[in-house]
Amino acid sequence: MARNKEGLVLLLDVGPTMYSVLPEIKKVCSMLIQKKLIYGKFDEVGVVVFGTQETDNELTKEVGGYEHVVVLRNIKVVDGDLVDAFQELPRGNFDGDYLDAIVVGMDMLIKKYQATNKGKKRLCLITNALCPIKDSCEGTKEDQVNTIAAQMSAHGMKMESVIVRGRLCGGGDQRIMAENDRLLNLFSEKTSARAVYVESPTALLGAVKTRNISPVTIFRGDLELGSKMKIKVWVYKKTSEEKFPTLKKYSDKAPPTDRFATHEVKVDYEYKSVEDPNKVVPPEQRIKGYRYGPQVVPISSAEWDAVKFKPEKSVKLLGFTDASNIMRHYYMKDVNVFIPEPGNARAALAVSALARAMKEMNKVAILRCVWRQGQGSVVVGVLTPNISEKDSTPDSFYFNVLPFAEDVREFQFPSFSSFPASWQPNEQQQEAADNLVKMLDLAPSAKQEALLPDFTPNPVLERFYRHLELKSKHPDAAVPPLDETLKTITEADPDLLSEKKNVMDAFYKSFELKENPRLKKSSKRLLEKKPSGSDEDYQDTTNALVVKPVKVEKIGDSSPVQDFEAMMSCRDSPDWVSKAIQDMKNKIYSLVENSYDGDNHGKAMECLLALRKGCILEQEPKQFNDFLHHLFNVRQEKKFRNFCESLIPKGLTLISKSEAIDSEVTDDEARNFLVKKELKFE
Amino acid sequence: MELDPDDIFKDDEDDPDSEFYQQRESSKEFVVYLVDASPKMFSSTCPSEDGKEETHFHIAISCIAQSLKTQIINRSYDEVAICFFNTREKKNLQDLNGAFVFNVAEREYLDRPTARLIKDFDCIEESFTKDIGSQYGIVSGSRENSLYNALWIAQALLRKGSAKTADKRILLFTNEDDPFGSIKGVAKADMTRTTLQRAKDAQDLGISIELLPLSQPDEEFNVSLFYSDLIGLEGDELAQFMPSAGQKLQDMKDQLRKRMFTKRIVRRITLSIANGLSIELNTYALIRPTLPGAITWLDSVSNRPLKTERSFICADTGALMQEPAKRYQPYKNDNIMLSVEELSEIKRVSTGHLHLLGFKPLSCLKDYHNLRPSTFIFPSDKEVIGSTCIFIALLRSMVNLKRFAVAFYGSSSRPQLVALVAQDEIISAGGQVEPPGMHMIYLPYSDDVRHVEEIHSDTNAGAPRATDEQIKKAAALIKRIDLKDFSVFQFANPGLQRHYAVLQALALDEDDMPEINDETLPDEEGMARPGVVKAVEEFKLSVYGENYDEESDMGSGKASDASKKRKTAAENAAKESANYNWPDLADNGQLKDLTVTELRYYLTAHNLPVTGKKEVLISRILTHLGK
């Protein structure tokens, strides 16, 4: 663990022009530390603020200068105090000089680590770069930057600069801003530094990498273009989902006095024979069984290894094809990146030539990949060019996995043209939609693209870490609401909506939505206004239905009437009623059909009476009436005729309006129903 | 994709996606294939690509065989029955003439498909004439009605299970558009009426009847003669029913294959366009990785299935406990306790629906903005009338303006940003290629994206860039190796095919392991064509220069150092390993007297894994020595 520890110095601009974004800076820095407290407990962090009135750093004591730069905290292992420290971030009233801060930060890192910890030393600068840096007595500002950058490279330091711009910092002197931008970009060119610009608080929260992973290759070897030519490449993951932390199970069994209790829970698995639950089978006596239809085929691992698919490790080109042949929605997984082998100039040239040619011709390459020897599967995927915008970064490829024939379900959907005219938008509606799509724009040319995935933080994780921090102080703290800044991720930006109010209004006016009146009340859930979260509740109940051992799930043979009544009285889901009715109908149907010389008729009659009663109670007269009609209609088969005839003396007829208000049958019709049927029988 | 069935046993909490990838099996499907086996099915043919003629009967059979194979992999709980009609022999529960239910041992008529069924069905054509025989079942002068009988049999088979929990379907393959054409007068009207009534009865019981007509190039299947009434087509639907006549064989197969699927809705959600305007959508999983089925642990002595029992044990006291309701996270030298409710509250940042946030040009959707397979969305007017209209309008605008929508999808497992990419319908001769609708693409968050391109940036020299000449050579190469008709899912997954081929062989106690054809291998022959070879050579010369030796041009830096180190270590181990008399040590039980380092010499020298405790290493050596 410790050998991977990172040394990080945060350089925060707290000058007057930064006041508006300080709350966001606090949040993102706290989050960074919180994640380190969990995933990088040995990482060491220092904090430097600049633009303050005071001056407190070692360099000023040693050589003088470096005013208005305060070392808030020397480089130390992360702890809880650091999180609190951000809550009282000082507000400065001087224009900060970021270059001074960078030098102070570098000095701290060098003094702390000297030559060790190469590649694990990082500076993170957050500023708006609105204020000019001081002129130097030795050479131009560019020369200064060059010297500093050279030092950074020599010590294996990395730098990330987050530059806050746009509506977040108000106006500034264009000339100074341009100069600063040039200087900061010079860092990116000369050393391993990244500079990103953010224009919204949300993007600021997303711009600082709070997750620290050392990337690992998933493949190193040849990209084979046929047998004659090979290009040396390394393959990394480009995207990979940051998972919600896996929490441990807590045991409260240990006595509260035991201060050394771990409270851990061990999970033990035992394998028992299905027939004899008392017989425990030792793990080594198990054998894997693979399902094939209803059969389970036992195969030992050794046997399986002998016969399983064993492709050779390789990455082979299958060919090139038009980019338009590969629809975007066929991308299956997280994305990989192919970079030419580091230090191999020829591989970089070959990748560069191919990538640029593919880009020009709008082509993509199809590959077959087996990343590791012994891997039991192959992937087929698409390689798309990624032309580097930075001089020092080689061109590369992105790789996306494509589906196999087995992975695609070719469902057929109706053409929109086959829908009735009332479902087709008219010209005016189409125009309103066009306007909405055009105007509700998240990437206007004048501004930075909003909600760019690369700058959008994960709101759930942000909330989790904040809650964790709260609970560490107040164990009873409730879950905090979603951060206001992050609301723009989960809901449409209210500013944007009000700005485009007329477009939105025009859209609303053009279309009309209404509930489907033919639906039963119970299922009308989509339009109903419920407090947020209620939809989840709905799902929870349906899920619960599946797992909960409900006493009566279907109508059995022994006591159909009781089963039916039990199902009808299940109140946890409206589905039960319709299921009960349907099952009862099937039951009656099969009772009659399977009866021999009318022996089941009595039972069927009971069931029919119960069904009638149930349908009246649940206001489902139509269900019963339709069924009764149906019974009389199928009486061409002898068994049903007999059964139907036996209904007449019992006076069992349709449900009328007076019994259930929804019924379309009047009392007279109900009475006449049997009379008419009787006539027919004769 | 790693095919590891062990993954199935992972704890659910470890894998919040499991629900996402597993198809919801809310309902089973019961299907009866009714296949017309009249002589006309054998005499009508359809030219295939390579000039050979295939009979309609063969086409129907091969489609069903294909579908059975897919089914046993994907949906093995569904049940099927196969019934031929217009047959000479009869075999069915009702003992009706002219209908033959095909089955194999240890299986009911309507049951889950088995390895045996698939195997026997594959060679049914060879034995068909002998065992079943083809014969017209509807002839004038007789009251026999084989179509009526077939429907009756199917309906009786499908009586199993309730219509609520099972999806019941009859798929009817025939090339006779007028089954009662040979009958005249009252008899014809009578037969038509009773057959239609039979079909209607089945439909009333919740059984859907689908027709899969086979037509000839010169003679279109006229669905309006009889079958439109049977399957209940009206007006517009009728016109659409037959997309094109005189198709190619492959197109016909494609169409049949697609019709055999039923759509399964994953979830019903709403898209809220702000201020309470919400439209109704259904989501479908059109693309999901198919993995080898779950494993079941068996007792190796009896081959009987085992039940896995999980028990929770308190690490401090050793007491057996119930599944704990509290979780904790070590944080700042303390354990922070969180209840399951709290955790789900944290994840609930939005309702479980889609919230429209705005639109962006398609160029903003980068190739690396992807995490998982996409989900398809299609509008529905079932509950909210007007949804489809709004959806179509938005879709058309998005297609025309080349923009996609950004929305937030508040699912309970992982709430995240999604891109909604509009897709117009694409139709080819083989039917619908791309359905109209939107694809929901799951976008990464900032911490999900890694900037790996930059870690190897060479700040001193700048990265090499290809010259125009080199790009031109690359372009020439790309033109040479062009896959013109590439379609995304043309390859079968060789790993999966192999898996199931082996299972089938073992299930049937066959000794020969089948060879499967790996379609994903490159076309060596095509690559060896002189034109291609020349283009490759020219490109190689242009970027690598002359006298280029790939092996010697290893990248500088750590990588090669590490591999060199590994190599020397291996050589050293081989040398050291030779100093010991391994079989002797093993026989005398002296292996345990050696150190782990010494044991590892043997393992490294023989390319075996060197991980594990000492006992594991020893047992590995013993296994390798064959002791």
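For the stretch A:2-207, averaging the sequence separation of C-alpha pairs within contact (under 8 Å, six or more residues apart) and dividing by the residue count gives a relative contact order of 24 percent. Could you tell me which of the pairs A:K248/A:K487; A:K76/A:K190; B:K28/B:K168; A:K228/A:K363 are separated by over 20 angstrom between their Cα atoms in the structure shown? Pairs exceeding the cut-off: A:K248/A:K487; A:K76/A:K190; A:K228/A:K363. By the beta-carbon count within 10 Å of each Cβ, the least crowded to most crowded order of B:W582, A:W423, fewest first, is A:W423, B:W582. Each label point was placed 7 Å from the Cα along the Cα-to-Cβ direction; for B:M513 and B:S228 their separation is 5.6 nm. Summarising the label geometry, the points placed 7 Å from Cα in the beta-carbon direction at A:R259 and B:E53 lie 9.5 nm from one another. Shielding of peptide A:183-195 by partners, expressed as the average count of other chain Cβ atoms within 10 Å per residue Cβ, is 2. Using 25 Å as the Cα-Cα cut-off, could you pick out the over-long pairs in A:K333/B:K119; A:K579/B:K200; A:K390/B:K402; A:K657/B:K200; A:K272/B:K119; A:K447/A:K500? Checking Cα-Cα distances, A:K333/B:K119; A:K390/B:K402; A:K657/B:K200; A:K272/B:K119 exceed 25 Å. State the Cα centre-to-centre distance between the stretch B:266-297 and the stretch A:365-439 in whole Å. Taking the Cα centre of the stretch A:365-439 as reference, the centre of the stretch B:266-297 is 17 Å away.
Mean separation of Cα pairs under 8 Å and 6 or more residues apart, divided by the residue count, gives chain A a relative contact order of 8 percent.
Can you tell me the dipole magnitude for chain A around its Cα centre, using point charges on the Cβ only (Lys, Arg +1; Asp, Glu -1), in Debye to the nearest 20?
1940 debye
Taken one residue at a time, the phi angles of the stretch B:184-191 give Karplus couplings (6.51, -1.76, 1.60, θ = phi - 60°) of 10, x, 4, 4, 5, 4, 5, 5 Hz. Gly and Pro are set to x. Per-residue ellipticity at 222 nm, computed for chain A from helices alone with -39500 (n - 2.57) per DSSP H run of at least four residues, works out to -12000 deg cm²/dmol. Neighbour counts of C-beta atoms inside 10 Å place A:W234, A:W371 in the sequence A:W371, A:W234, starting with the fewest. Neighbouring Cβ atoms from other chains, within 10 Å of the Cβ of residues in A:311-318, number 3 on average.
The residue among A:S352, B:I618, A:G381 whose Cα reaches farthest toward the positive pole of the charge dipole of the protein assembly as shown, with charges on the beta-carbon of Lys, Arg, Asp and Glu, is B:I618.
Ranking A:A302, A:L130, B:A315 by how far each Cα lies toward the positive end of the dipole of the protein assembly as shown (charges on Cβ) leaves B:A315 at the top.
Charges at C-beta only: +1 for Lys and Arg, -1 for Asp and Glu. How large is the resulting dipole of the stretch B:259-414 about its Cα centre, in Debye rounded to 20? Numbers along the way, then the final one.
Working: 22 positive and 12 negative charges, 160 e Å.
Once rounded to the nearest 20, the dipole reads 760 debye.
With axes computed from alpha carbons, what is the tilt in degrees of helix A:22-39 against the longest principal axis of chain A, rounded to the nearest 10 within 0 to 90? Rounded to the nearest ten degrees, it is 80.
Among A:E341, A:E199, B:E53, what is the fewest-to-most ranking by other Cβ atoms within 10 Å?
Details: A:E341 26, A:E199 19, B:E53 11.
Fewest to most other Cβ atoms nearby, the residues stand as B:E53, A:E199, A:E341.
On full extension, the segment bounded by B:I427 and B:D593 gains 52.5 nm, given 0.36 nm per residue less the C-alpha separation. Taken about its Cα centre, the protein assembly as shown carries a charge dipole of about 1100 debye when Lys and Arg each add +1 at the Cβ and Asp and Glu each add -1 at the Cβ.
Dipole of the protein assembly as shown computed with +1 at Lys/Arg Cβ and -1 at Asp/Glu Cβ about the Cα centre; of B:P330, A:N325, A:V70, farthest Cα towards the positive end is B:P330. Pairs with C-alpha atoms separated by more than 28 Å, drawn from the list A:K514/A:K622; A:K5/B:K347; A:K35/B:K326, are A:K5/B:K347.
Every read-out reported here was derived from the displayed coordinates using simple, explicitly stated rules and does not represent laboratory data. Everything numeric in this text was worked out from a predicted model, so none of it was measured. When we count neighbours, we look across all protein chains shown, and the Cβ atoms used for this are built from the backbone with ideal geometry, even at glycine.
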